[in-house]
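The structure appears below as structure tokens.
The values are calculated or read from the model by the stated rules, or taken from the named source; none is laboratory data. Fair warning: this is a prediction, and the values are worked out from it, not measured in the lab. Positions of Cβ are generated from backbone atoms using ideal geometry, with glycine treated the same way; all protein chains shown enter the neighbour counts. The accessibility values were calculated without ligands, DNA or RNA, using every heavy atom of the protein model including side chains. Shrake-Rupley method; radii C 1.70, N 1.55, O 1.52, S 1.80 Å.
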Amino acid sequence: MTSNYRSWPMILALGVVTIPLVLMYVYLFVDTVTNTAPGSVVPHEFTGEHWRFLWETLPGRPSIYVATLNTFVFATATTLIVLAISSTAGYAISRLNVPFRAFFLAGVMVLHAFPTVTLIIAIFLILQFIGLYNTLIGVILVKAALELPFGIWIMKGFYDTVPWEIEMAGIQDGASRLTVWRKLVLPQVMPAVMALGIFSFLAGWSEFILPLVLAPDNKVQVLSVYLAALIADDNNFDMALFKSVGVFYVVPVIIMFLFFQGKLMSIYGGGTKG
Amino acid sequence: MRILLEKFTKSFGSLTVIDEMDLEIDDGEMVALLGPSGCGKSTTLFAICGIHRVSGGRILFGDRDVSSVPSQQRNVGVVFQSYALYPHLTVAQNIGFPLMIRKESNADIARKVDEIAELVHIGNLLERRPAQLSGGQQQRVALARALVRKPDVLLLDEPLANLDAKLRLEMRSEIRRIQRETGITAVLVTHDQVEAMSMCDRIAIMNEGRIVQIAEPMEMYDNPASDFVAGFLGNPPIAFVDGVVTNGRFATASGAMTVSLPFNAGERERKIRLGIRPEFFRPGGTQPVAGKITFVEAQGRETLYDVALEDGQILRSIQTATNAATVGEKVNWGIDVERILMFDEDGARL
């Protein structure tokens, strides 16, 4: 490839600007397996002790595996609810002659832009009242509900690109409306479903404020809350341990992203072709 | 299966698109609904297949009233203009879809798909996906899918509109062949008079939600009921000349053209409109008319001329491509007066 400008000045400039970020990532990893004397920047010994949370439960904390399982259940359940409701609601809003359609569309838009934090006290009171405070189910329902506007909106956009004739042809071929949706329309928007699923899972995996307020108990704690509690604890301040848990927390996300990055891109590409 | 539309009415909100239309299509017949955009031909088609609910009147298949039967239970095969193939399924799965919905056994489906694929000549394409097919092949798949469950009626909505000229010619005769071989009752919606004339047993020509005339193609060409029908059928189109007739003598307002007509409306002057098809205005025609050639279109075997009369009205002439008349040349060609079509002021045939 030839270019009409020299590329090394650009690369140098970008390199200089990026160095702080790169250093942070490097030290995030290096610090988890080494010890560094105070005041020095060069580590003086290797150690595995910062990863001790993997084989012993830290005092006053839940087991890391309980927290990981909770996070996984939380993210997966949220994703399933979001997918189930978005894929049907999006279709209804895109195709069916539902009453108050315009109102729903506008409402979904407003909800999408609504800042979650403003609702949190009301949600807390409601969960407390119906007995779902400090349960995974409660926080899953809340998170799914808040993710839904985005999901419905995205799915509606994808359904809009499916040709009307395909559905009419399905009806003529004798299929019921539900069969048409399941066998003919849904496969056309599969890329959107995949992408939305991954997005929801990542959003659930990284969610912090909702579990912190609505499910802080050790039994139902998720990784983000577990992690935050580590630095909130002034008596046992351990920066290297915090970084190790952080790396442990982020690895599944990176693996997932490597697997699915192509699918993730398609959510902004729109629709499928043949 | 005979199709009968009785006082079929369709309105969208307060707008009545089709008002009390009657149409009977015989068993095994292929009828074209022909008309300009917005004349209600597609609306009629969608009412027959059940996508649109009828607002009034009845639709019968045979003796069965299907007016309020949902699409799924009407047993109508439809070929859409865009073919509407299912992009995620193979050709075989596309064709087999209606059978799969009926929960027929896999062996039955495979056998029937093979049979119908043989009929429409796509036996070697069954494992492909629609995106890997040409337009003509997609069309054949759409036909096969519409026919595979032996529908009572086959509906074709502008089936050739998306094909290039050569394929269109080929598919025209293919669709007709398949319709004849299966003996299915078929309705073709088109705005192309050539398609309608070449493919169908009868043509129902529509305008503004009404059937203006229904007849066999040549009958309609020779004896159009109105100037609208005459203007719609024929390519190149018929030329109209307005004027008055007195004592069997026709003259345009400026006197640029006068001919005697085999028609006597009496002494009184009467406004009429003549329709002259291009093939009946030529050198050696019975009644000469003077004009100047304003346009020449060589079509290979034939040449089309536009001839302007002195007052600017245009006659068209189509001739075997031997006469080398050029633009600007003054000519004195003749009209075959016994083939002239005459219409009154409102456009009705005299």
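How many residues does the range A:165-175 hold that are of a type outside the set (Asp, Glu) and more than 7 Å from chain B (Cβ to nearest Cβ)?
Step one: of the range A:165-175, the residues of a type outside the set (Asp, Glu) are A:166, A:168-172, A:174-175.
Then drop every residue that is not more than 7 Å from chain B (Cβ to nearest Cβ), which leaves A:170.
Summing the residues that are of a type outside the set (Asp, Glu) and more than 7 Å from chain B (Cβ to nearest Cβ) in the range A:165-175 gives 1.
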Inside the range B:79-104, can you point out the residues that are open to solvent by 10 Å² or more (accessible area, probe 1.4 Å), of a type in the set (A, V, I, L, M) and closer than 21 Å to B:Leu125 by Cα? B:Leu85, B:Leu89, B:Ala92, B:Met100
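Name the single residue, out of those in the range B:125-145 being within 22 Å of the chain's Cα centre (by Cα) and crowded, with 22+ Cβ neighbours inside 10 Å, that is farthest from B:Ile95 (Cα to Cα).
If we filter the range B:125-145 for residues that are within 22 Å of the chain's Cα centre (by Cα), which is where we start, we get B:135-136, B:139-140, B:142-143.
Pick out the ones that are also crowded, with 22+ Cβ neighbours inside 10 Å and you get B:139-140, B:142-143.
Working: B:Gln139: 12, B:Arg140: 10, B:Ala142: 8, B:Leu143: 9 Å.
Among them, the one singled out is B:Gln139.
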Would you confirm, using the coordinates I've provided, whether A:Leu83 is of a type outside the set (Phe, Trp, Tyr), modelled with pLDDT of 90 or more, open to solvent by 90 Å² or more (accessible area, probe 1.4 Å) and not in a loop (DSSP other than H, G, I, E, B)? no
Quick one: which residue in B:Asp157, B:Asp201 is more than 23 Å from B:Arg102 (Cβ to Cβ), charged (D, E, K, R), in contact (Cβ under 8 Å) with a residue 40 or more places away in the chain and touching a helix residue (DSSP H, G or I) at 6+ places or on another chain (Cβ under 6 Å)? B:Asp157
When B:Gly57 is run through (1) part of a helix (DSSP H, G or I); (2) of a type outside the set (Asp, Glu); (3) surrounded by fewer than 23 Cβ atoms within 10 Å (Cβ to Cβ), the failure sits at (1)
Out of the residues in the range B:320-336 that are open to solvent by less than 50 Å² (accessible area, probe 1.4 Å) and touching a Phe, Trp or Tyr at 6+ places or on another chain (Cβ under 7 Å), state the one that is farthest from B:Val241 (Cα to Cα). B:Ala325
Pick out the one residue from A:Val162, A:Val189, A:Val222, A:Val185 that is in contact with an Asp or Glu (Cβ under 8 Å, 6 or more places away or on another chain), within 11 Å of another protein chain (Cβ to nearest Cβ) and not aromatic (Phe, Trp, Tyr). A:Val185
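For (1) more than 24 Å from the chain's Cα centre (by Cα); (2) within 13 Å of chain A (Cβ to nearest Cβ); (3) within 20 Å of B:Arg177 (Cα to Cα), each residue gets a yes or a no:
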residue	(1), (2), (3)
B:Asn75	yes, yes, no
B:Tyr83	no, yes, yes
B:Gly123	yes, no, yes
B:Leu147	no, yes, yes
Among (1) in contact with a Pro (Cβ under 9 Å, 6 or more places away or on another chain); (2) over 27 Å from A:Leu111 (Cβ atoms), A:Gln188 falls short only on (2)
Residues that are farther than 30 Å from B:Arg111 by Cα and assigned to a helix (DSSP H, G or I), drawn from the range B:60-94: none
Subset of the range B:85-121 (residues that are facing chain A (nearest Cβ under 9 Å) and not hydrophobic (A, V, I, L, M, F, W, C)): B:Tyr86, B:Pro87, B:His88, B:Pro98, B:Arg102
Which pairs turn up if I take residues in the range B:207-225 that are of a type in the set (S, T, N, Q) and look for partners that are in a loop (DSSP other than H, G, I, E, B) and open to solvent by less than 30 Å² (accessible area, probe 1.4 Å) with beta carbon separation below 8 Å, at least 6 apart in sequence or on another chain? B:Asn207/B:Gly35; B:Asn207/B:Cys39; B:Gln213/B:Pro224
Answer residue from the range B:286-315, given it is among the charged types (D, E, K, R) and over 17 Å from B:Pro237 (Cβ atoms) and is least open to solvent (accessible area, probe 1.4 Å) among those: B:Asp311
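Residue under question is B:Ala47, and the condition is that it be modelled with pLDDT under 95, part of a loop (DSSP other than H, G, I, E, B), crowded, with 19+ Cβ neighbours inside 10 Å and within 14 Å of chain A (Cβ to nearest Cβ); does it hold? Lay out the reasoning, then the answer.
Numbers: modelled with pLDDT under 95: yes; part of a loop (DSSP other than H, G, I, E, B): no; crowded, with 19+ Cβ neighbours inside 10 Å: yes; within 14 Å of chain A (Cβ to nearest Cβ): yes.
No, not satisfied.
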Please verify whether the range B:113-120 includes one or more residues that are surrounded by 21 or more Cβ atoms within 10 Å (Cβ to Cβ), at pLDDT 90 or above and not small (Gly, Ala, Ser). yes
Does the range B:242-285 hold any residues that are open to solvent by 20 Å² or more (accessible area, probe 1.4 Å), part of a strand (DSSP E or B) and within 16 Å of B:Ile335 (Cα to Cα), and which are they? B:Asp242, B:Arg249, B:Ala251, B:Thr258, B:Ser260, B:Arg273, B:Arg282
Which ones in the range B:6-42 are buried (at least 22 other Cβ atoms within 10 Å of the Cβ) and either more than 19 Å from the chain's Cα centre (by Cα) or not in a strand (DSSP E or B) (or both)? B:Phe8, B:Lys10, B:Gly35, B:Cys39, B:Gly40, B:Lys41
Lone qualifier among B:Ile293, B:Ile318 - being touching a helix residue (DSSP H, G or I) at 6+ places or on another chain (Cβ under 8 Å), in a strand (DSSP E or B) and of a type outside the set (Asp, Glu): B:Ile318
Taking A:Leu178 and the conditions (1) surrounded by 17 or more Cβ atoms within 10 Å (Cβ to Cβ); (2) more than 21 Å from the chain's Cα centre (by Cα); (3) within 12 Å of chain B (Cβ to nearest Cβ), which numbered condition does it fall short on, given that it satisfies the others? (1)
